[in-house]
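Student: Dumping the structure here so I can ask a few things about it.
What follows is calculated from the coordinates using simple rules that are stated; it is not laboratory data. No experiment lies behind these values; they were computed from the predicted model shown. Note that we place each Cβ from the backbone using ideal geometry, even for glycine, and neighbour counts take in every protein chain shown.
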Amino acid sequence: MPKKEKQGIVVSSKMDKTVVVKVASYDPHPKYKKIMESNKNYKAHDEQNACGEGDIVRIVESKPISGSKRWTVAEIVEKAR
């Protein structure tokens with residue numbers, strides 16, 4: 001089975017080798033069909049501490065690294081200004 005990939009914005013990079021990435025998903029409301037945004041935070045492993053807050057990154061599913069880390073930063077799509 002292929003590994004899952006998600007793209008999101010780095011919310012926090014205060015931890016060592018860890019970033020918190022906010023991923024938004026857009027789904028229609030079951031009854032009213034309005035497109036609703038739901039956000040979820042993922043802790044991802046950042047080996048080089050290269051990510052900063054506001055960066056847009058792509059994260060890939062990986063084996064459990066710690067108690068709450070199951071994702072790894074694959075690439076930085078866009079650096080924050």
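Student: Order of TYR42, TYR26 from fewest to most other C-beta atoms within 10 Å? Write out the running numbers ahead of the final one.
Tutor: Details: TYR42 18, TYR26 8.
So the ranking, lowest neighbour count to highest, is TYR26, TYR42.
Student: Relative contact order for the range 1-60: what percent, with Cα pairs under 8 Å and sequence separation of 6 or more? The partial results should precede the final answer.
Tutor: Working: 111 pairs, mean separation 26.6, N = 60.
Reported as a whole number, the value is 44 percent.
Student: Let me check I've understood the local charge: for TYR26, count other residues with C-beta under 15 angstrom from its C-beta, Lys and Arg +1, Asp and Glu -1. What total comes out?
Tutor: On the way: positive: LYS6, LYS22, LYS33, LYS34, LYS40; negative: ASP27, GLU37.
Local charge sum for TYR26: +3.
Student: Name the shape class, rounded, prolate or oblate, that the alpha-carbon gyration tensor gives for the chain, where a ≥ b ≥ c are the square roots of its eigenvalues, rounded holds for a/c under 1.5, and otherwise prolate holds if a/b is larger than b/c and oblate otherwise.
Tutor: Note, shape of the chain comes out prolate.
Student: Further question on the same structure: Within the chain, which is the longest segment that contains none of the GluC sites (Glu not before Pro) sitting in a DSSP loop with at most 13 other Cβ atoms within 10 Å? Spell out each step's value before the answer.
Tutor: Values: sites that count: GLU47, GLU53.
Between the exposed loop sites, the longest stretch runs 1-46.
Student: Using Cβ contacts closer than 10 Å as the measure, can you line up SER25, SER62 from fewest to most?
Tutor: Values: SER25 11, SER62 15.
Listing SER25, SER62 from fewest to most nearby Cβ atoms yields SER25, SER62.
Student: Magnitude of the Cβ-charge dipole of the chain, K/R +1 and D/E -1, about the Cα centre, nearest 20 debye? Provide the component values of the computation, followed by the final result.
Tutor: Values: 17 positive and 11 negative charges, 79 e Å.
Using only the charged Cβ atoms, the result is roughly 380 debye.
Student: I would also like to ask the following. May I ask you to evaluate 6.51 cos²θ - 1.76 cosθ + 1.60, the Karplus curve with θ = phi - 60°, for each residue of the range 62-76 and list the ³J(HN,Hα) values in order in whole Hz, giving x for glycine and proline?
Tutor: Values per residue, Gly and Pro as x: 9, 5, x, 9, 8, x, 10, 9, 10, 10, 10, 6, 8, 7, 9 Hz.
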